[in-house]
């Protein structure tokens with residue numbers, strides 16, 4: 001029996017989370033969103049002094065990986081960490 005099958009997540013699922021955060025900008029985004037629940041892409045870009053389009057693409061990838069939640073409020077999109085995103089952020093802080 002594979003060790004990862006004993007855990008609650010399969011190795012494929014874990015791979016998705018790690019790939020979702022496998023970039024320094026994405027890690028920065030997770031930390032910023034962790035401190036600012038409900039933050040917009042524009043504010044994330046301002047906080048990180050980065051390009052809006054770049055941050056937008058990264059948040060899309062992080063959301064597809066299941067680490068970030070997007071909430072659509074009219075023309076604005078706000079972001080918060082998913083439960084897995086919170087766990088992943090805790091993991092990164094202890095690493």
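The values are calculated or read from the model by the stated rules, or taken from the named source; none is laboratory data. These numbers were taken from a predicted model, which means no experiment stands behind them. Heads up, the Cβs are rebuilt from the backbone with ideal geometry, glycines too, and the neighbour counts pull from every protein chain shown.
Selection over segment 55-67 of residues that are buried (at least 16 other Cβ atoms within 10 Å of the Cβ) and free of Cβ contacts under 8 Å to residues at least 40 places away in the same chain gives a count of 4.
Name the residue that is surrounded by the most Cβ atoms within 10 Å (Cβ to Cβ), counting only residues in segment 31-54 that are within 13 Å of the chain's Cα centre (by Cα) and part of a helix (DSSP H, G or I). Restricting to residues being within 13 Å of the chain's Cα centre (by Cα) and part of a helix (DSSP H, G or I), the top hit is 33.
Within segment 15-26, residues that are without any contact (Cβ under 8 Å) to a residue 24 or more places away in the chain have Cβ atoms under 6 Å from residues that are not in a loop (DSSP other than H, G, I, E, B) in no pair, counting only partners at least 6 apart in sequence or on another chain.
Within segment 80-95, being over 18 Å from residue 9 (Cα atoms) and at pLDDT below 95 holds for 93, 94, 95. Test residue 5 against the stated conditions and say whether it is surrounded by 15 or more Cβ atoms within 10 Å (Cβ to Cβ) and either at pLDDT 95 or above or not in a strand (DSSP E or B) (or both). No, not satisfied.
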